[in-house]
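The values are calculated or read from the model by the stated rules, or taken from the named source; none is laboratory data. Fair warning: this is a prediction, and the values are worked out from it, not measured in the lab. Backbone-built Cβ (ideal geometry, glycine too); neighbour counts: all protein chains shown. Keep in mind that these areas ignore ligands, DNA and RNA; they rest on the heavy atoms of the full protein, side chains included. Shrake-Rupley method; radii C 1.70, N 1.55, O 1.52, S 1.80 Å.
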Amino acid sequence: SYDNRYMITATLRRDGTSRFSNNKWGLFPSVALGWNIANEGFLKGNPVLTTLKLRASWGQTGQQDIGDNYYPHIPLYQYVNNGNTQYMGGVGGTLAPQAYNTGIKWETTTTYNAGIDFGFLQGRINGAVDYYYRQTTDLLSEIDVPTGSNFTNRLMSNIGEMVNQGVEVSLNLIPVQTEDWNWTINLNGTWQQTEIGDLNDNFVKVGSSLSGTGGNSSLHYEGFAPYTFYLYQQAYDSNGKPLQNTFIDRDGDGRITEDDKYITGRSATPDFYYGISMQLNYKNWDFGFNGHGTLGNYMFNDVLRSSATAYYRDVIDKGYLVNRQVAGAKYGFTQNSSTPQALSDMFLEDASFFRLDDINLGYTLEKLGNTDMKLRVAAGVQNVFVLTKYSGVDPEVSGVAGIDGTIWPRPRIFSLRLNLNF
């Protein structure tokens, strides 16, 4: 740095992994520049503008996380002993060759970033705006391979590139700051666009296999976001009620086959993330909350799907009272469901939400007795509420992207806290 006005930072990493023997080493540089404009002579001592800084950076990182496949480049043999590998007469097993890829290498992400930090009125208003462009090349993923070309039908490979770009904004406000009162508000939001740029003329089936082999619910496909849903188009009657086992014949061949599935253009990846927090203090009292949410993301309601695709006749023909399947009751389905019903776009729902994560109220007792000890008494609630159109248990689920098989709601926790400082 020079005169607290001009700054440069540079790094160079060289990482190695035993997973890629022929391409073991990766070189990952980065450089960042900063200009602290507020310290220039023409702005120094400005009573309104207290912070103004421009930033720009470029850098590369690598990743080699491919699960528990530790040596994907080595032709290995594994001892297998089952009915398909035993010698004639069912004696012993064999050493079976395993799939391998000698050309597998590091996945590399290159990120460009430009930003500005600002502050006004002695920091009462401050924040930052950043634009980023991130390109990932040599994506690591499993893809289908031609029969006979390897010892598997799916192989871990470097298959193409993905582009992610967006704008991040953070804003911190102190509307009130007096001897007795202090009020702070923090806001942040991120607009993002994620698109697969190239898959070397491949597409990758991903997501949960909801109806056996070939039943994947999503795709990685050029020109679309990762985990874009790939489903059958549900048919409806004149009243808007879904028709069980009836779908749109998109290729017009008079049959419903895998070729009638379509790329919905909807993904589990949100278009916008946002968050808010607030803290209010009055003398010894304090009150605050935190919340966050997303917009533009979709969820496949697999819990609803599983009850719609159950064999409904097995329920009503038992001859005694049993619980009725949820989706059967909701949609009036009375037939055994076909395989495509499990991948109908009728189960794809808008999963945008806002969650109030926590809210708390406290009071601090100072100088207990004749000591300097402080006691803070506080009450709080976690997972206060969720605002969403999603009909499932929770629009925020972990696991396979965009597939909700969760039947257990996260708890709402009430707490009483005593903090003693001495």
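Annotation note: GluC sites (Glu not before Pro) in region 115-206 located in DSSP loop regions with a Cβ neighbour count of at most 13 within 10 Å are GLU179. Full extension of the chain between ASN419 and ARG255 gives 52.2 nm of extra length, using 0.36 nm per residue less the Cα-Cα distance.
Based on the Stokes-Einstein relation at 37 °C and a viscosity of 0.692 mPa s, and on the Kirkwood radius from alpha carbon pairs, region 1-133 is assigned a translational diffusion coefficient of 166 µm²/s. With helices as the sole contributors, the chain gives -1000 deg cm²/dmol at 222 nm; each DSSP H run of n ≥ 4 counts as -39500 (n - 2.57), and the sum is divided by every residue.
Checking the Cα-Cα distances for LYS205/LYS330; LYS24/LYS53; LYS44/LYS367; LYS205/LYS241; LYS53/LYS283; LYS105/LYS205 against a 32 Å cut-off, the pairs over it are LYS24/LYS53; LYS44/LYS367; LYS53/LYS283.
Hey, what's the Kirkwood Rh for region 1-67 if you take every pair of different alpha carbons, in angstrom?
In region 1-67 this quantity evaluates to 14.9 Å.
Site pair VAL169 and ASP144 shows an inter-label distance of 4.4 nm when each label is modelled 7 Å from Cα along Cα→Cβ.
The alpha carbon gyration tensor of region 352-422 gives principal lengths a ≥ b ≥ c with a/c of 1.5 or higher and a/b greater than b/c, which makes the shape prolate. Could you please state, rounded to a whole Å, how far the C-alpha centre of region 39-77 is from the C-alpha centre of region 330-381? Value for the Cα centre distance between the two parts: 32 Å. Sequence-distant contacts, meaning Cα pairs under 8 Å at least 6 residues apart, place the relative contact order of region 228-267 at 52 percent. Simple spin-label estimate for ALA56 and ASP198 gives 2.6 nm between the two label positions (7 Å along the Cα-to-Cβ direction from each Cα).
Please work out the Kirkwood hydrodynamic radius for the chain, using every pair of different C-alpha atoms, and report it in angstroms with one decimal place.
The answer is 26.9 Å.
As a calculated quantity, the FRET efficiency between ARG13 and PHE272 at R0 = 30 Å, using C-beta atoms, amounts to about 0.40.
Note on VAL31/LEU243: beta-carbon distance plugged into 1/(1 + (r/R0)^6) with R0 of 56 Å gives a FRET efficiency of 0.40.
Using the 1.4 Å probe convention, the accessible area of the chain works out to 57 Å² per residue with neighbouring protein chains retained. Bridgeable aspartates and glutamates around LYS261 (alpha carbons under 18 Å apart, same-chain partners fewer than 8 residues away excluded): GLU222, ASP249, ASP251, ASP253, ASP302, ASP345, GLU349. Take the Cα of ASP3, go 7 Å toward its beta carbon, and the backbone nitrogen atoms of region 34-64 under 11 Å from that spot belong to 39-42.
Taking every C-alpha pair closer than 8 Å and separated by at least 6 residues, the mean separation divided by the residue count of region 1-130 gives a relative contact order of 27 percent.
In this simple spin-label model, placing a label point 7 Å from the Cα along the Cα-to-Cβ direction at both VAL129 and HIS292 gives a separation of 2.4 nm. The spacing between region 102-143 and region 275-309, judged by their C-alpha centroids, is 25 Å.
Using C-alpha pairs below 8 Å separated by at least 6 residues, the relative contact order for the chain is 9 percent. With a 1.4 Å probe and every protein chain kept in, tell me what percent of the accessible surface of the chain is carbon plus sulfur. That fraction is 54 percent.
Name the chymotrypsin sites (Phe, Trp or Tyr not before Pro) in region 116-179 that are in a loop by DSSP and that have at most 15 other C-beta atoms within 10 Å, would you?
PHE151
In region 47-82, which residues have a backbone nitrogen under 13 Å from the label point lying 7 Å from THR110's Cα in the Cα-to-Cβ direction? Taking a point 7 Å out along Cα→Cβ of THR110, the residues of region 47-82 whose backbone N falls under 13 Å are 58-61.
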